[in-house]
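Chemist: Below you'll find the structure I mean.
Laboratory data are not the source of any read-out in this text; all were calculated from the coordinates shown. Please read all numbers here as calculations on a predicted model, not as lab measurements. All Cβ positions, glycine included, derive from the backbone under ideal geometry; neighbour counts span all protein chains shown.
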Amino acid sequence: MSLPNKRMFGSILLFIALSASGAVSAVSEKLQYQVSYQGLFSAGARMPIADVNLVSREPAQDAEYLESELRVTSEQYASVEAFYPIRYRFRSWYLRDASSGLVSEFFEGNDQAKPKHRLVYLDDPHQDFVTHDLSEDGELDLPALLAGTYDPADTNPELARFDRLGLLQRVRGMDLRPGMHTDVLVSNGKKMMRYRVQVEKEEVLQVAGQEWNALKLRFDGFKRNKRGKERPAHRPVHIWLSEDAQRLPLLAVGKAPVGEFYIELKTLPAGPALAQLDAG
């Protein structure tokens, strides 16, 4: 059985980053997801290819911000490991009221000889974002961010800039209703994009062993070309949130030229004891 190429895995990560984030009101939330692919390279069958672990926490009681961490691995899937092992970590730090993101981290360890490690500052009042390569610049503010001692810049609410992992923090805190939409500025550390989030309708889903009343949301990303004209950054991604106070991300579906990718909730939030992140 063949697997999608490297470019397809880039699409997977986009869907994961959009589909998973910790609830704004929960500082000890742990969620587990499974990524699967269905299409040309799986002969039409739905094929699991990776696991996702998401933890949200309060770095310190007096910290001005919250943190979400997302880890993606294919280590339990031999066919994927033989083709292209997946090892990613995303972290996002954002103001407690989710009015703006502060800093985001991206680590890719698929190629152990050439790991990628970036820290992206979103709270600079003079620039849309500032990206650092930690393999060259050292740890910078990463230890302070993890310890809860990072001092945010004078971030005005008008900034309202996020990374992809922190995007849903803004959305989940809103009064979501079918028919409504909102625009959010998002950066992946390379470019600035505008995301339009639309609440399409209410649906009932069977996920994680139970039935959920859910809201179906559509995420469209737009980037500007050299002439300043907007164009789609990717195909639309649909995400279902639980229609309750937690607004749990239940399912994400994204289409690619060769098939569809799914990120589905597998376990419900665990308790505070499981919410501690390691520093690696």
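Chemist: Quick one: length gained pulling LYS226 to VAL258 fully straight, 0.36 nm per residue minus the C-alpha distance? Please report the intermediate quantities before stating the final value.
Modeler: On the way: separation 32, 0.36 × 32 = 11.52 nm, distance 2.88 nm.
Between LYS226 and VAL258, full extension yields 8.6 nm more.
Chemist: What FRET efficiency comes out for the pair ASP183/LEU140, r = Cβ-Cβ distance, R0 = 30 Å, nearest 0.05? Could the numbers behind the result be given before it?
Modeler: On the way: r = 30 Å, r/R0 = 1.01.
In this case the efficiency is close to 0.50.
Chemist: In the range 52-71, whose amide N lies under 19 Å from the spot 7 Å out along Cα-to-Cβ of ALA153? List them in ranges.
Modeler: 64-66
Chemist: When the convex hull of the Cα atoms of the range 6-274 is projected onto a plane and the area is averaged over all directions, what value comes out in nm²? Don't skip to the end; give the middle numbers.
Modeler: Values: hull surface 60.0 nm².
Dividing the Cα hull surface by four gives the mean projection, 15.0 nm².
Chemist: Here's a follow-up. In a shell of Cβ-Cβ distance under 9 Å around ALA98, excluding ALA98 itself, what net charge do Lys and Arg (+1) and Asp and Glu (-1) give? If you can, show how the numbers build up before the last one.
Modeler: Working: positive: ARG96, ARG170, ARG172; negative: ASP97.
Around ALA98, the charge tally is +2.
Chemist: Pairs LYS191/LYS255; LYS216/LYS255; LYS191/LYS229; LYS191/LYS266; LYS223/LYS266: which exceed 24 Å Cα-Cα?
Modeler: On the way: LYS191/LYS255 22 Å; LYS216/LYS255 16 Å; LYS191/LYS229 14 Å; LYS191/LYS266 32 Å; LYS223/LYS266 33 Å.
From the list (LYS191/LYS255; LYS216/LYS255; LYS191/LYS229; LYS191/LYS266; LYS223/LYS266), the Cα-Cα distance tops 24 Å for LYS191/LYS266; LYS223/LYS266.
Chemist: Only Lys, Arg, Asp and Glu count, each charged at its Cβ (+1, +1, -1, -1), so figure out the dipole size of the range 6-274 about its Cα centre, rounded to 20 debye.
Modeler: Details: 35 positive and 37 negative charges, 297 e Å.
Around 1420 debye, computed over the range 6-274.
Chemist: Shape call for the range 66-133 from the C-alpha gyration tensor, a ≥ b ≥ c root eigenvalues: rounded (a/c under 1.5), prolate (a/b greater than b/c) or oblate?
Modeler: Values: a/c = 4.56, a/b = 2.02, b/c = 2.25.
Here the range 66-133 falls in the oblate category.
Chemist: A further question on this structure: Dividing the Cα convex hull volume of the range 71-215 by residue count, how many Å³ per residue is that? Let's see the in-between values first.
Modeler: Numbers: hull volume 23.8 nm³, N = 145.
Expressed per residue, the convex hull around the Cα atoms of the range 71-215 is 164 Å³.
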